[in-house]
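K.L.:
Please see the structure below; I have some questions.
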Amino acid sequence: MKNKLIFIPLILILAILLSSNISLAETGGGGYPGAFFQTFWGARAMALGGTYVAIADDAEGNLFNPAGSAMVKEKLASGSYRQMSLDRRIGYLAYTQVIKNEAGIGLNWINVAVGEVEQRDGNGQVTGSLSNYQNLFALTFSRRVSPEFSVGVNLKYLQTNLGNIQSSGVGFDVGALYLPRSYLRVGLVVENFGLKHNWSSGDFWGDYGLPGSSHTEEFPVSAKLGAAALFLKNQLLVALDLEKRENQDILLHLGGEYWYRNIIAARAGLNRGDLTLGLGLKHKLRKLTVFVNYAFITESVAAGADNLISLQVGF
């Protein structure tokens, strides 16, 4: 137990040494493409303050760290639907499984949409409506290099429709997961390599006799380092993630989870300065293991607090 307790201060000291400019809250995060990557689609990760890089032990973890899919213990399918403020919606489906205890594969889909936006002319008259949605499709591949170490990659395709102007892009993430002890996990992931939007507004403005323009937006590359440790006979999980995006400060995520009799879990976290809370319920149903997760977040950069429920099934 004494060796385990040393883990927490060591990680905190590492965080301080990595940068003298670590921020609890979002700073300089606006104005970049891919903002929806910073929200949550699964309730467990949301309740844990976004600390999932070293956990990544289920279908929800595919997009946090693809290396985790090689270490899941059963086939897992997960999904959620979140109705947010300002008429925003986000839906999510994922599947993951291990192949011969050596490799992992996963399928992931996230849909983000905003309700129809009225289109008006120069006189303020309604002339139609504009749609606004994004679809992210990702294939997850991972492999165990050794029983304690795995690596993985997400191949991502992003489709965007913004005001009836469409764009698409392809990119990838790489991740690694290391289990030096049975109670300790360390993860690293670098996201959004090569991902960009190539916008061309000629088709839209052509209806108004205007030429339009072309523009390329590159997604900021993001690096995340995480660690998680188990205590109290594996009933208590404590996790910490450090996140660094291009042109932004290092951001801190903290989370904790306690399981009572392996049936119900209580969770709490800190996501870039926002308090997160949640509950989890595990139930065996014949050959299925059903997980129902709930999360609550007090978002400082959104219009008020938010709730999320997600479902996961193991088989």
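K.L.:
Work out from phi, with θ = phi - 60° and the Karplus expression 6.51 cos²θ - 1.76 cosθ + 1.60, the ³J(HN,Hα) of each residue of segment 61-78, listed in order in whole Hz, and give x for Gly and Pro.
P.N.:
x, 3, 7, 8, 7, x, 5, x, 5, 6, 10, 6, 9, 7, 6, 9, 10, 9
K.L.:
Return the sequence-ordered ³J(HN,Hα) values of segment 98-106 in whole Hz as given by the Karplus equation 6.51 cos²θ - 1.76 cosθ + 1.60 applied to θ = phi - 60°, using x for Gly and Pro.
P.N.:
9, 10, 6, 6, 10, 9, x, 10, x
K.L.:
Suppose R0 equals 30 Å. What FRET efficiency, 1/(1 + (r/R0)^6) with r the Cβ-Cβ distance, do Ile264 and Asn101 give to the nearest 0.05?
P.N.:
0.50
K.L.:
For Trp199, what residues show an amide H to amide H distance below 5 Å, using hydrogens built from the backbone and excluding near sequence neighbours?
P.N.:
Under 5 Å from the amide H of Trp199 lie the amide H atoms of His215, Thr216, Glu217, each far enough along the sequence or on another chain.
K.L.:
Once the other residues with Cβ under 9 Å from the Cβ of His197 are scored (Lys, Arg +1; Asp, Glu -1), what is the net sum?
P.N.:
For residues surrounding His197, the net value is -1.
K.L.:
Follow-up question, since we're still on this one. Hey, rough spin-label estimate for Arg143 and Ile309, points 7 angstrom out along Cα→Cβ, what's it come to in nanometres?
P.N.:
4.2
K.L.:
How many nm is it between the label spots at Leu285 and Asn135, if each spot is 7 Å from the Cα in line with the beta carbon?
P.N.:
In this crude spin-label approximation the distance works out to 2.8 nm.
Any read-out appearing in this document is the output of simple, stated calculations on the displayed coordinates, not a laboratory observation. The shown structure was predicted, so the numbers you read here are calculated from the model rather than taken from an experiment. No Cβ is skipped: glycine too gets one built from the backbone with ideal geometry, and neighbour counts run over all protein chains shown.
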